[in-house]
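Coordinate-derived values only; no laboratory data. Note that the structure is predicted; figures quoted are calculated from it, not measured. Cβ: placed from backbone, ideal geometry, glycine included. Neighbour counts: every protein chain shown.
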Amino acid sequence: MAESRVKLVKLVKVVVSFVLLAALALFTVASIRTISLDVNVGLQLAHWEKTNNISLVINQQQREDLLARLKEAIRIPTVTFSQTESNITALREFDIFLRKAFPTVFSSSLVHHEVVANYSHLFSVVGSQPDLVPYMLLAHIDVVPAAESDGWEAPPFSAKEIDGFIYGRGTIDDKYSVMAILQALEYLLLKGYTPRRAFYIGLGHDEEARGFNGAMNIVRLLKQRGVKLSFVLDEGTGILDGIINGLEGPAAIIGLSEKGSANVKLSVSLAPGHSSIPPRESSIGILASAVKRLEENPMPRLFGYGPERETFEHLAHKFKFPLKFVFSNLWLFSPVLGRLLERKPDTNAFVRTTTAVTMFNAGVKVNIIPALAEAYVNLRIHSAQSLQEVLELIRETVGDPRVKMELIDGFDPLPVSSSDEKSFGFQIIKKTVLDMFPSVTVAPGICIGNTDSRHFKDLTNDIYRFAPVWFKPDDVRRFHGINERISKKNYEETVVYFFNLMQNCDIQKLPEPHSSVHEL
């Protein structure tokens, strides 16, 4: 018996020693990885082929003029209400306004302009070196509806200036990009600049209704002409300042992909009845239970399986210990971090496919039990899932054959664009940001909303979603919400950003990396 105990003790010691050694090995690897990922390297340290860019110094008169043009754009209510209803009068007015605001763009021999699908715009800018693959800049003219009664500090189409901010629909989404891109091109042309690399500018008029008329017809035209693009840059993400808890300093997140999307209708149909003799279960009750099950059973946590993993790895060196250690070793800590991120709605969107019940319709009279109850569910699909997988999970979660499920529309997540040191578009955007904002950390990421750029995936392998709009913690709710605004300074920065970006693209190829970090 004593001999058995001795053997057991020895075995336990061996097991404990093995566990400690394994833990030590893991800690050592994690520590080395933390140090290696902390090295701040990138192509911004390398020698770029073209460094003699024209600088843009905006004087006071130019500043007043460009702000006046932005305000005028905001005052035109180019609202998209649905896929079949837009403010056509405002779209026509905006066309006239653009021609007046940017006369050099519309008259230059280097720029070919055409109206697409009646209200969208395609600009083709000639390059002096036809062998360089062109790129494309996207933005959209239309905005979502807004009413003063919602609680705006200034009327939503007034472009009123308050404390250095311009308020109104389109100041974030997305007229500021429309105006900044064209303003930057106007300034370049006035300075006599001739691009080496050709590029396109696409301005859609129905992005808020999925771009089926504007963006899709622009794509159709480019396909007919055999156009292939080096990269596409659209709206999407921006510079986050104080939004990511624990991060020291602002971060520019360049969206490599977009979540997929789906709209699903759930319905229950039973025989109608009088409220004085109700059945044990009504169509409303059955549907409400199904909706409750969807809310209580979210889609699986998938943090670490999409571009969001790269975001935290790139930002790891900007966190203090222990977060720095955790984010540098997501191969080990992804499950833990995923559980932390899902606690807040803002970060839960990065962790999984989100499920939002957006409409619930039933009943026509207070004393009639309705025959039909309907609910609409909007889903934003994580990069690691497909539309079909999500639909199957909804069906399993609802688990009631009386609830009919119908897919209204939907699409899979977009392909993930490249972000390594050989990625032309990513590195050009990164350089442009760092040249302007040296204190900002640049990282790849995911765009949780959807943009017109998704229609362009057949024309290029690399689509990016970014503009240098600054977001503070209370700014996120302004997107499609009340008090949408942009600071005068930030709008001017956006003009300079596109002015520099257009010049930075005029290189033959990327420089050789200064150094590299090897994965362990």
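Computed from the alpha carbon positions, the gyration tensor of segment 283-361 leads to an equivalent ellipsoid with semi-axes of 34, 10, 10 Å, biggest first. Taking the number of Cβ atoms within 10 Å of each Cβ as an exposure proxy, the fewest-first ranking of LEU233, LEU414 is LEU414, LEU233. Report, as a whole number in µm² per second, the diffusion coefficient that Stokes-Einstein gives for segment 244-283 at 25 °C and 0.890 mPa s using the Kirkwood radius over alpha carbon pairs. So the translational diffusion coefficient is about 149 µm²/s. Entry note, segment 257-411: relative contact order of 46 percent, from Cα contacts under 8 Å with a spacing of 6+ residues. Each Lys and Arg Cβ is given +1 and each Asp and Glu Cβ -1; about its Cα centre, segment 95-234 then shows a dipole of about 860 debye.
Cα centroid separation, segment 70-138 to segment 252-328: 36 Å. All distinct Cα pairs of segment 111-170 go into the 1/r average, and the inverse of that average, the Kirkwood radius, is 15.2 Å. Each label point was placed 7 Å from the Cα along the Cα-to-Cβ direction; for GLU389 and PHE321 their separation is 3.7 nm. Where both bridge residues fall in segment 121-251, DSSP classifies roughly 50% of the beta bridges as antiparallel. In plain terms, the residue of TRP152, TRP48 with the fewest other Cβ atoms within 10 Å comes first and the most crowded comes last, giving TRP48, TRP152. With all projection directions averaged, the alpha carbon convex hull of segment 189-235 covers 4.6 nm². The reciprocal of the average 1/r between distinct C-alpha atoms defines the Kirkwood hydrodynamic radius, which for segment 441-484 equals 12.9 Å. Taking a ≥ b ≥ c as the square roots of the Cα gyration tensor eigenvalues, segment 157-213 comes out oblate, since a/c reaches at least 1.5 and a/b does not exceed b/c. In a reduced charge model with +1 at each Lys and Arg Cβ and -1 at each Asp and Glu Cβ, the chain shows a dipole moment near 1080 debye about its Cα centre.
Within the chain, DSSP assigns beta bridges of which about 70% are antiparallel (rounded to the nearest 5). In terms of distances greater than 22 angstrom between alpha carbons, the cross-link table entries LYS324/LYS344; LYS259/LYS344; LYS160/LYS489; LYS422/LYS472; LYS100/LYS175; LYS228/LYS509 yield LYS422/LYS472. Annotation: extensible slack from ILE58 through LYS191 equals 46.6 nm (criterion: 0.36 nm per residue apart, minus Cα-Cα distance). From least to most packed, judged by other beta carbons within 10 angstrom and beginning with the fewest, VAL495, VAL57 follow the order VAL57, VAL495. Farthest toward the dipole's positive end in the chain, which of GLY192, GLY338, HIS274, given Cβ charges of +1 (Lys, Arg) and -1 (Asp, Glu) about the Cα centre? Positive-most Cα among the choices belongs to GLY338. Each of LEU379, PRO300, ILE408 was placed along the dipole of segment 257-411 (beta-carbon charges, centred on the mean Cα), and the one lying farthest toward the positive end is PRO300.
Rg of the Cα atoms in the chain, relative to 2.2 N^0.38 Å, amounts to 1.12.
Net charge dipole, segment 257-411: roughly 440 debye, given to the nearest 20, about the Cα centre with Cβ charges of +1 for Lys and Arg and -1 for Asp and Glu. The shape of segment 53-110 can be summarised by an equivalent ellipsoid whose semi-axes, obtained from the alpha carbon gyration tensor, come to 28, 15, 10 Å from longest to shortest. Note on segment 122-219: semi-axes of the ellipsoid equivalent to its C-alpha gyration tensor, largest first and rounded to whole Å, are 32, 18, 7. For the peptides 500-506, 234-240, 467-473, the ranking by mean Cβ contacts within 10 Å, running from highest to lowest, is 234-240, 500-506, 467-473. Computed on the Cα trace of segment 257-411, the radius of gyration divided by the Kirkwood hydrodynamic radius gives Rg/Rh = 1.13.
Shown is the FRET efficiency for ASP150 and PHE106, computed with R0 = 51 Å from the Cβ-Cβ distance and rounded to the nearest 0.05: 0.90. Between the alpha-carbon centres of segment 378-453 and segment 207-240 there is a gap of 16 Å.
Extension gain, ILE277 to LYS344, is 19.8 nm, computed as 0.36 nm per intervening residue step minus the present C-alpha separation.
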